[in-house]
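Here is the structure we will look at, set down as structure tokens.
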Amino acid sequence: MKRRDFIQKTAATSALLGLGGFSLSSFKSVNTKHLTVLHTNDVHSYIDPFPANHPKNPNMGGVARRAALIESIRKENPNVLLLDAGDIFQGTPYFNYYGGELEFKLMSMMQYDLATIGNHDFDNGIEGLYAQLPHASFEFVSANYDFKNTVMNGHVKPYKIINKDGIKVGVFGLGVGLDGLVDKKNYKETIYLDPVGVAQDMARLLKQEKKCDLVICLSHLGYKYKDEPDKICDTKLATLTKDIDLIIGGHTHTFLDKPTVLKNSVGQDVLVNQVGCYGINLGRIDFYFDDDTAVISNGKSIVV
């Protein structure tokens, strides 16, 4: 395939497909390929749905509902990429008791492809995270955490390239700065690298050298910081780099009804999305590839 460029900018302003009826007839052609990207972030060990009497989120969320929803989407389109943007751990007694084992096992059953690492994933220490890796059938990507002097060395890749029906997707991970956020004894000798420089290197490698059709940044940097305007976040990352098509974020628990569309450093569109926290929503973005272009569908976020 040739390098993809986003077109139909107005369509890009709402790039999540909901449960309502959406006709694909206008996109059907012999050469069109359809990729569905599903994503979660900051699930924080919420295995069960919220109770019916919860004041904010009654009957929402829950792994069983998310699994059923993912399964139904896979029946609709087998070319699904399922990603998580970190903070898988910490938030309910399930984590306190099982230490992350249950979370990883359930994500494996749902066939997650990749996840990045959030700050709360260090809450049982880096050894605690390492101890749970055998329960994860999916891989972890993080390009700006250098684990070379820790037990996690060799168990986290900076990026991964996944081929879905001939669509070449490059995914790399970024994590938030740990100093002052996580106790030093929990992350040990993990080195935090500048996310902007790392992101640009990763995007260039994946888009230009590896010729990926779609480049995704799986980020736990946070969407935006109103009180810290100079702090690096997903919206800043989008504008300061190029060759990234989609930033899937976490950390700030930001509920977006649809992705934000920003211009990168060379004036091209970048989608930035985050779906809140606790497994309440499942993000969905549909890409349609033909010989020259990637077209993004309209829609909205899915409430689990």
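A few comments on the model shown:
- Candidate set from segment 46-80 (those that are under 30 Å from His34 (Cβ atoms) and polar (S, T, N, Q)); member that is surrounded by the most Cβ atoms within 10 Å (Cβ to Cβ): Asn79
- Any hit, segment 127-136, residues being assigned to a helix (DSSP H, G or I) and among the acidic types (Asp, Glu): yes
- Members of segment 88-102 found to be within 16 Å of Gly125 (Cβ to Cβ) and out of contact with any strand residue (DSSP E or B) (no Cβ under 7 Å at 6 or more places or on another chain), listed by number: Phe89, Gln90, Phe95, Asn96, Tyr98, Gly99, Gly100, Glu101
- Scanning segment 64-101 for residues that are under 27 Å from Phe289 (Cα atoms) and outside any helix (DSSP H, G or I) gives Asn77, Pro78, Asn79, Val80, Leu81, Leu82, Leu83, Asp84, Ala85.
- Selection of segment 42-61 for residues being charged (D, E, K, R) and farther than 16 Å from Met107 by Cα yields only Lys56.
- Scanning segment 78-99 for residues that are among the small types (Gly, Ala, Ser) and touching a residue at least 40 places away in the same chain (Cβ under 8 Å) yields Ala85, Gly86, Gly91.
- Taking every residue in segment 242-266 that is over 24 Å from Ile88 (Cα atoms) and pairing it with any residue that is in a loop (DSSP other than H, G, I, E, B) and hydroxyl-bearing (Ser, Thr, Tyr), at least 6 positions away or on another chain, the pairs with Cβ-Cβ distances below 8 Å are Lys242/Ser265; Asn264/Thr241; Ser265/Thr241.
- When residues in segment 151-163 are screened for being buried (at least 20 other Cβ atoms within 10 Å of the Cβ), over 26 Å from Thr239 (Cβ atoms) and under 17 Å from the mean Cα position of the chain (by Cα), 1 of them pass.
- Qualifying residue in segment 164-178 (condition: modelled with pLDDT of 95 or more, assigned to a helix (DSSP H, G or I) and crowded, with 21+ Cβ neighbours inside 10 Å): no
- Listed here are the strands (runs of 3 or more DSSP E) enclosed by segment 217-292 that have at least 2 residues being within 15 Å of the chain's Cα centre (by Cα): 246-248, 269-273, 281-289.
- For the residues Ile73, Ile88, the requirement of being in contact with a Lys or Arg (Cβ under 8 Å, 6 or more places away or on another chain) and hydrophobic (A, V, I, L, M, F, W, C) singles out Ile73.
- Tabulated pairs, segment 100-125, first more than 22 Å from Ala143 (Cβ to Cβ) and touching a residue at least 60 places away in the same chain (Cβ under 8 Å), second crowded, with 19+ Cβ neighbours inside 10 Å and hydroxyl-bearing (Ser, Thr, Tyr), C-beta under 7 angstrom, 6+ apart or interchain: Glu103/Ser45
- Residues in segment 122-150 that are crowded, with 23+ Cβ neighbours inside 10 Å and polar (S, T, N, Q): Ser142, Asn144.
- Any chance Ile191 is exposed (fewer than 15 other Cβ atoms within 10 Å of the Cβ) and aliphatic (A, V, I, L, M): yes
- Failed condition for Gly166, given (1) in contact with a helix residue (DSSP H, G or I) (Cβ under 9 Å, 6 or more places away or on another chain); (2) under 30 Å from His34 (Cα atoms); (3) among the small types (Gly, Ala, Ser): (1)
- Looking across segment 91-121 at every residue that is over 18 Å from the mean Cα position of the chain (by Cα) and more than 28 Å from Arg74 (Cβ to Cβ), the one that is surrounded by the most Cβ atoms within 10 Å (Cβ to Cβ) is identified as Gly99.
The values are calculated or read from the model by the stated rules, or taken from the named source; none is laboratory data. Treat the numbers as computed from the prediction; the structure is a model and nothing was measured. Because the Cβ atoms are built from the backbone with ideal geometry, glycine has one as well, and the counts that use them run over all protein chains shown.
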